[in-house]
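Enquirer: The structure is given below, and queries will be raised subsequently.
The values are calculated or read from the model by the stated rules, or taken from the named source; none is laboratory data. Remember, predicted model here, so these are calculated numbers, not experimental data. In this analysis, Cβ positions are derived from the backbone assuming ideal geometry, glycine residues included, and neighbour counts consider all displayed protein chains. We work out accessible area using only protein heavy atoms, side chains counted, and drop any ligands, DNA or RNA first. Shrake-Rupley method; radii C 1.70, N 1.55, O 1.52, S 1.80 Å.
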Amino acid sequence: MAKKRSAPVGGRRENRVEPPPPQVNSASGRRNLILFFITSSIIATVAYRFRQSSPPQYQESYVYEQGLVTIHANYQDVLTENSKVSENTSQRHYNYPVLGYITPWNSRGYELAKRFNSKFTHISPVWYDLKSQQTSLVLEGRHNADRGWISELRKSGEALALQFVKQLGDALHSIGSEKISGQRLQLVYVIGPPSSEKLQEHDFGPKDLETLSEAVDGFSLMTYDFSNPHNPGPNAPLKWIQIVLKLLLGNSGSRAQSLAPKILLGFNFYGNDFSLSRDAGGGGAIIGRDYLALLEKHRPELQWDKNSGEHFFIYNDDKDIRHAVFYPSLKSISLRLEEARSWGCGISIWEIGQGLDYFFDLL
């Protein structure tokens, strides 16, 4: 199950598989545990292989050494190499904050968090729902909390904030963890991207960022779900991401831009299998194992779209219905990491259990 938000608003024609023009849609040290909330207002809520020289930050990276970070990806390499990573899984290649979300309905995320724990500065198990009940708030989801898993992460050297957040902002920062001496609780606020290419009154913008900058430790920016079954296309076009960051952080030298390290640029580790027939239900989200099964069955040609900076492929199902599949690739992830690095942003991943193992070789 992949995290989805409301369908984007736009006038793109249906059954479009080529990426749309850039526009904004509505649609190493210590580790911290971020307690994640969901509220009704969404508050927390063919080709060839060639060898290439690795960028300086990716020395000793298996996927770069094998020439896998390329626009010329092919299904054979994905099927053969997706579970292989560098021997040193503790080495970090991305030096800004990295937040990884984990969901109770996808247990694979727990194992990956332990295996690649050094890659993350923050881990957020999505255990709790904060729901409105008349004039009060009710906390649900305590049964999802896995104390044993938290204990294992601590043995790996992670500093975890285990006390549930009672207050937000400045009040939260005044509360220290009862479990770990000297570690304060942190607040990460989840924000959606602007709904158009110009900031609207209801959009979260630079002024909001500045207003909350002292109270909030990080802003998890949902830069994914650009497309939907009614308008098939890429998950997170690179040009759209650039527009969103510019709208939020402003021009060089602005106060908002100085807050870029608090932005956690959203990365989707899920994809979409869109049906291109109006009568076939439209398709929906897929995760890593679904993607591998499609590659194994259809052996498609992976196509690279330079406008969106994403790989996709086309196939016909057993009923001869045409599909377009968009799923992250090493190249698409590397380009987004470069973009985030150029702004000085951190990243947030929804969610780590949905990705392929070798994605973590880039982090």
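Enquirer: Quick check on Phe267: is it in a strand (DSSP E or B) and either open to solvent by less than 40 Å² (accessible area, probe 1.4 Å) or among the basic types (Lys, Arg) (or both)?
Expert: Taking the combined requirement at face value, the residue satisfies it.
Enquirer: Still on this model: Would you mind telling me which numbered condition in (1) open to solvent by 10 Å² or more (accessible area, probe 1.4 Å); (2) out of contact with any Phe, Trp or Tyr (no Cβ under 6 Å at 6 or more places or on another chain); (3) within 21 Å of Glu351 (Cβ to Cβ) Leu276 fails?
Expert: Every condition holds for Leu276 apart from (3).
Enquirer: Restricting attention to the stretch 59-102, which residues are more than 18 Å from Lys119 (Cα to Cα) and part of a loop (DSSP other than H, G, I, E, B)?
Expert: Result: Gln66, Gly67, Leu68, Val69, Thr70, Ile71, His72, Ala73, Asn74.
Enquirer: Restricting to the stretch 86-111, what's the tally of residues that are among the hydrophobic types (A, V, I, L, M, F, W, C) and open to solvent by 30 Å² or more (accessible area, probe 1.4 Å)?
Expert: Adding up the residues that qualify gives 1.
Enquirer: Scan Ser156, Ser86 and give me the residue that is modelled with pLDDT of 70 or more and in contact with a helix residue (DSSP H, G or I) (Cβ under 7 Å, 6 or more places away or on another chain).
Expert: Ser86
Enquirer: Look through the stretch 292-329, keep the residues that are aliphatic (A, V, I, L, M) and either modelled with pLDDT of 95 or more or not in a loop (DSSP other than H, G, I, E, B) (or both), and return whichever of them is most open to solvent (accessible area, probe 1.4 Å).
Expert: Top of the filtered list is Ala293.
Enquirer: Let me ask something additional. Among the residues of the stretch 307-348, count how many are touching a Leu at 6+ places or on another chain (Cβ under 9 Å), charged (D, E, K, R) and farther than 14 Å from Asn268 by Cα.
Expert: 2
Enquirer: Turning to a different aspect of this structure: On the given criteria, is Glu338 open to solvent by 10 Å² or more (accessible area, probe 1.4 Å) and out of contact with any Cys (no Cβ under 6 Å at 6 or more places or on another chain)?
Expert: Judged against the criteria, Glu338 is a match.
Let's see how each residue does on (1) more than 24 Å from Gly266 (Cα to Cα); (2) modelled with pLDDT of 85 or more:
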residue: Gln57; (1), (2): no, no
residue: Leu79; (1), (2): yes, yes
residue: Tyr94; (1), (2): no, yes
residue: Pro104; (1), (2): no, yes
residue: Tyr110; (1), (2): no, yes
residue: Ala113; (1), (2): no, yes
residue: Ser118; (1), (2): no, yes
residue: Leu130; (1), (2): no, no
residue: Asp146; (1), (2): yes, no
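Enquirer: Would you pick out the residues in the stretch 188-199 that are farther than 22 Å from Phe267 by Cβ and either at pLDDT below 85 or in contact with a strand residue (DSSP E or B) (Cβ under 6 Å, 6 or more places away or on another chain) (or both)?
Expert: Ser196
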